[in-house]
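What follows is a single structure, written as C-alpha cells, with notes after it.
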There are 2 protein chains.
Amino acid sequence: MKHGGDILTYSHLYDGRIIDFSSNINPLGPPEGLKDEIIKGFDAVSAYPDIKYRELKKEISKYLGCDVSEVLVGNGAVEIINNIAMLFDRTVVTTPCFMEYIKRPEAMGREVLKIRLAEDFFLKASDIVDSIKSGDLVILGNPNNPTGRRIEKDVLMEIHEKVASLGAFLLLDEAFYEFCPPDYDSVKLLYGSSNLCVIRAATKFFALPGIRLGYAYASREIVERLQEIELPWSINIFADIAGRTIFKQVNYKDKSKEYIAEQREYMLRSLKEIKSIKAFESQCNFILIKLLNDIEDNIFDFMIKRGIMIRKASSFEGLDKSYIRIAVKDYESNSYLIDCLKEYEACRR
Amino acid sequence: MKHGGDILTYSHLYDGRIIDFSSNINPLGPPEGLKDEIIKGFDAVSAYPDIKYRELKKEISKYLGCDVSEVLVGNGAVEIINNIAMLFDRTVVTTPCFMEYIKRPEAMGREVLKIRLAEDFFLKASDIVDSIKSGDLVILGNPNNPTGRRIEKDVLMEIHEKVASLGAFLLLDEAFYEFCPPDYDSVKLLYGSSNLCVIRAATKFFALPGIRLGYAYASREIVERLQEIELPWSINIFADIAGRTIFKQVNYKDKSKEYIAEQREYMLRSLKEIKSIKAFESQCNFILIKLLNDIEDNIFDFMIKRGIMIRKASSFEGLDKSYIRIAVKDYESNSYLIDCLKEYEACRR
C-alpha cells in the first residue's frame, strides 16, 4: 500500500532536508496553544480516555452543527471509512480515488464496484446512479483525492436522492473540506438524512497528521450500529485533548483558508506556463498533474535530487504512470517547486 | 460493549473521587521522564508518523528479543487482535475471556467457536485441542482476563504443537505478561514458529492506557500479510515517542513486578478471610471473585457509594451475575477495598 508522506524512505538521498509535496497538510502548521494544552493534560495518560469521548464529541458537534448523538470519531478518517465499510456487502467507488475506499472493504473480503471517471475527472450523477443497488455503500471523496475536484452541489443532491430512494448509503470523505471555497456544506445541505455519513479530519486542515483524529457526522442509527462494532478507545488521550482545543480557533481557520486559496491560484497560474505538463483544476490544497511526455519515475528522481518529494500517482487505481500529485504549500516552497519544474522542462527539450 | 475504566459514567455518584478497581493498570503510574520526551518531540505532530514505525519497532524488537521484521504494532492490543482475526474464517476461544476475542471476528461476520472452561478456569490442552481445525485462529489470554490464570508451560506447548501440526494459528494475548511471575517467556519458548503471534501492550504494565500502544511478536509471514491490510498510521506520534522511551526503563520494570507480586499476595490472603466470596488464584494484577450469595449489582452499588468502582463480570461470556473482578492496586487503595468488603460482609449477615 503506497501513501504520501513516507519521507523517511528518501531522507538519505538529500541530506534529510526534503520538502514534502507528497502529503497535503496545511502549510501554516498546527493551531497555536496546542502544545500547552497537551502539557497541561499530560497526566491523563495514566487513565483510559473517556470510552464515550463525551467532551470531544460535544466540541465536534458544535463545529459541524449537528447533535452530539450524530458524531463519530476515529483513529484518523480511515478508521471511520473502515468501520462503515464493515456494515455493507458491496461498496461502489469512482476511480481514481483514495485507495483505502477500495482496500478497506477488500481486506474484509467484500465486493467493490469501481467506476472509472472520464479523463477530466468531473463526476456526473449519470456516471454512477444506474450502478447503485439497494443496500450498497457509495464512497465519494469530496473534494476527491487525487483529482482535487469537489462534487458539484446539484450532482451531490441527485446522487444522494438516488441513494436514499434505494435504501443505499452515501459516505462522503471530506477530509479536505475546509480547504475548499465556501460553496456549500454537505452536513447542512443533507442534514437529517438517514443514508449519510460525512467524514472530516484534523489531519489535513489543522496540520496534525501526527495526532490521528478523524470525525464525522452520521445518522443516529449508524452511530449506534457502529458503537457495537468499533474498537474501544481508538482515539488516544492527546488526540482527545487536541480535538477539544482546535475547533475553537476561528482566526486560524480563516487565515488558513485565505492563504491556501491564494497559493492554489498562484500554483495553478504558474503550472499553466509549463507546457510539458497539464495541471487539473483543483478546489483544494493539492493538484493532480498529467505528464504529457514522461513517466512519474523520471520526474520523481529529478525532483528528489533537488530536495522535493512529489507523489507518484500510479498507485491510485485508474491512473497510469503519466500522473503525479503535488501539495499546495507555503509560498517559498511552492515557488521553489515551480522553479524546479521549469528546470525539468528545460532539460526535457 | 462493556469495558472497565468507564469511570466518568459514575463520577456524579461520589463527588468525582472514585478509586477505579475496574481497570487493571500498574498502580505505580507511568515511567518517569515520558512527559519530557513528549514535550521534546511535540513538533512532530505536524508530520505523519513514520508509516513503517522503524525506530519504534527497533526498540520493541530489543525488548521482545526478536527481529525487527517480526514486530507488529497497533492502536492498542485490540487493533492487532482485530487485524489478525481478519485473516481467518473461524476463531476458537475459551470462555470466559476478553470479549474482544469474540467481538472482533463477529463484527466481520466470521464464525467463533466458544469453549466454556470448567469452573476452576484452569485451561487443559484437552479442553480445546480436539476442537481445532486446519486454518483456525485460536485466541488465548495468557494470563487470561478476567480469570487471572496463566497457561501452564506444558499446556501451552501441547496446544501450540497441535496448532502447528494442523496449520492453524495461535494468537496469545499477553497484555498482562509483565505482571506475572517469571515462569516462562512465550516468545523465547516458541520463537521461530510460523503459526504464532504473541501480543503485549504498553497499556497495563507501563500504566499508559491513554497512549494506545499494542505490539506483538509474530512470524514474518504474518507481519507481511498484515502490512497489506492494516490501517496506515494507526499509532499516533505520542504513542510512537512513548514506545521509543519506556522499554529502556529496567528499574521501573523490576520495581513494578516486585510491588505487584507483594500486593497480589496481600490481596489474596485478605480476600480468603471474607467468607461470603471466593477469590480465584491469580498470577497477575487482577482477581476474579465469585459472590457466594449475591449478585454483582448489589456489591457494585455498595462499593460505588464508598468511592470504589469494581468490575461487574457478567458482561464476560460464560460468567453470570455472581462474579466480579477487581484490580490489584497500591497498598492504600487495596486495604481500603478490603475494609469495604469486610463491611459488605457484615451488612450481609
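Which log10 I(q)/I(0) values, to two decimals, does segment B:61-151 give at q = 0.22 Å⁻¹ under the Debye formula with one point per Cα? Log10 I(q)/I(0), no solvent term: -1.16.
Directionally averaged projected area (segment B:104-243, Cα convex hull): 9.4 nm². A DSSP coil position with no more than 11 other Cβ atoms inside 10 Å describes the following trypsin sites (Lys or Arg not before Pro) in segment B:17-91: B:R17.
Per residue, the Cα convex hull of segment A:29-107 amounts to 165 Å³. Charging the Cβ of each Asp and Glu at -1 and of each Lys and Arg at +1, and nothing else, the dipole of segment B:257-346 about its Cα centre rounds to 100 debye. Obtain the nm distance between the two label points defined at A:D43 and A:E221 by a simple spin-label model: each point lies 7 Å from its Cα along the Cα-to-C-beta direction. That separation, rounded to one decimal, is 4.6 nm. Of interest is the spacing of the C-alpha centroids, which for segment A:176-219 and segment A:287-318 amounts to 28 Å. At full extension, B:D320 and B:R306 could sit 2.6 nm farther apart than now, given 0.36 nm per residue minus the alpha carbon distance. Take B:K62, move 7 Å from Cα toward the beta carbon, and the resulting point lies 4.4 nm from the same point in each other copy, nearest first.
For chain B, a crude dipole built from +1 on the beta carbon of Lys and Arg and -1 on the beta carbon of Asp and Glu, taken about the Cα centre, is about 400 debye to the nearest 20. Pairs with C-alpha atoms separated by more than 24 Å, drawn from the list A:K124/A:K253; A:K62/A:K253; B:K114/B:K329; A:K257/B:K52; A:K58/B:K57; B:K272/B:K321, are A:K124/A:K253; B:K114/B:K329; A:K257/B:K52; A:K58/B:K57. Placing unit charges on each Cβ (+1 for Lys and Arg, -1 for Asp and Glu) gives segment B:98-216 a dipole about its Cα centre, and among B:V129, B:V112, B:P182 the Cα reaching farthest toward its positive end belongs to B:V112. Antiparallel beta bridges, as assigned by DSSP with both residues in the protein assembly as shown, represent about 50 percent of the total such bridges.
Considering only A:I80, A:M267, A:G243, and ranking their Cα positions along the charge dipole of chain A that arises from unit charges at the beta-carbon of Lys, Arg, Asp and Glu, the one farthest toward the positive end is A:M267.
Between copies, the label points at B:D301 (set 7 angstrom from Cα along Cα-to-Cβ) are spaced 7.6 nm, reported in nanometres from shortest to longest. Taking Cα centre as origin and charging only the Cβ of basic (Lys, Arg, +1) and acidic (Asp, Glu, -1) residues, the dipole magnitude of the protein assembly as shown rounds to 260 debye. For segment B:138-149, putting each phi into the Karplus relation 6.51 cos²θ - 1.76 cosθ + 1.60 with θ = phi - 60° gives couplings of 10, 10, 10, x, 9, x, 8, 9, x, 7, x, 8 Hz, in residue order, rounded to whole numbers and with x for Gly and Pro. With the charge dipole of the protein assembly as shown set up from +1 on Lys and Arg Cβ and -1 on Asp and Glu Cβ about the Cα centre, the Cα lying farthest toward the positive end among the listed residues B:S282, A:F98, B:I308 is that of B:I308. Extending 7 Å from the Cα toward the beta-carbon at both B:E343 and B:I229 defines two label points whose distance is 5.1 nm. When a/c reaches 1.5 or more, the comparison of a/b and b/c decides; with that in mind, is segment A:23-175 rounded, prolate or oblate per its Cα gyration tensor? Prolate is the answer for segment A:23-175, as a/c is 1.5 or above and a/b outweighs b/c. Please state the shape class of segment B:270-324: rounded when a/c is under 1.5, otherwise prolate if a/b exceeds b/c and oblate if not, all from the C-alpha gyration tensor. In terms of gyration-tensor shape, rounded.
Here chain B is treated as an ellipsoid with the same Cα gyration tensor; its semi-axes, largest first and in whole Å, are 32, 26, 18.
Applying a DSSP loop filter and a limit of 12 other Cβ atoms within 10 Å to the trypsin sites (Lys or Arg not before Pro) in segment B:214-280 leaves B:K275. Residues of segment A:219-249 that become at least 30 Å² less accessible with every protein chain present than in their own chain isolated, using 1.4 Å: which are they? Correct list: A:E228, A:I229, A:L231, A:P232, A:W233, A:N236, A:F238.
Need one value: the accessible area of A:F98 in square angstrom, 1.4 angstrom probe, rounded to the nearest 10. Here the accessible area works out near 40 Å². Chains A and B together bury some 4600 Å² of accessible area, summed over both sides, with a 1.4 Å probe. For chain B, the antiparallel share of DSSP beta bridges with both residues in that region comes to about 50%.
DSSP loop GluC sites (Glu not before Pro) in segment B:263-335 with at most 11 other Cβ atoms within 10 Å of their Cβ, which ones? Loop-located and lightly packed - B:E273. Within the protein assembly as shown, all pairs of alpha-carbon atoms sorted by distance into 10 Å bins from zero give the percentages 3, 15, 24, 25, 18, 10, 4, 1, 0, 0.
Placing a label point 7 Å from Cα along the Cα-to-Cβ axis, B:P182 is separated from the same position in the other copies by 6.5 nm, shortest listed first.
Counted over all Cα-Cα pairs of segment A:248-345, pairs farther apart than 21 Å make up 32 percent. Computed over protein heavy atoms with a 1.4 angstrom probe, the accessible surface ordering of B:Y191, B:Y48, B:Y336, A:Y259, largest first, is B:Y191, B:Y336, A:Y259, B:Y48.
Subtracting the Cα-Cα distance of A:D183 and A:I115 from 0.36 nm times their residue separation leaves 21.9 nm of extension gain. Rounded to the nearest 10 square angstrom, A:E55 shows an accessible area of 100 square angstrom against a 1.4 Å probe. Cβ-Cβ distance of B:D254 and B:K52, R₀ of 30 Å, FRET efficiency by 1/(1 + (r/R0)^6): the value works out to about 0.40.
Phi angles across segment A:186-201 convert, under the Karplus curve 6.51 cos²θ - 1.76 cosθ + 1.60 with θ = phi - 60°, into 3J(HN,Hα) values of 4, 5, 5, 4, 10, 4, x, 5, 9, 10, 9, 9, 10, 8, 10, 7 Hz, Gly and Pro given as x.
Our estimate of slack between B:S335 and B:E281, defined as 0.36 nm per intervening residue step minus the Cα-Cα distance, is 17.6 nm. A viscosity of 0.890 mPa s and a temperature of 25 °C, combined with the Kirkwood radius over C-alpha pairs in the Stokes-Einstein formula, give segment A:158-203 a diffusion coefficient of 214 µm²/s.
The values are calculated or read from the model by the stated rules, or taken from the named source; none is laboratory data. What you see is a predicted model; the values in this text were computed from it and never measured. Reconstructed Cβ throughout: ideal geometry from the backbone, glycine too, with neighbour counts over all protein chains shown. To get the accessible areas, we keep the full protein, side chains included, count just its heavy atoms, and leave off ligands, DNA and RNA. Shrake-Rupley method; radii C 1.70, N 1.55, O 1.52, S 1.80 Å.
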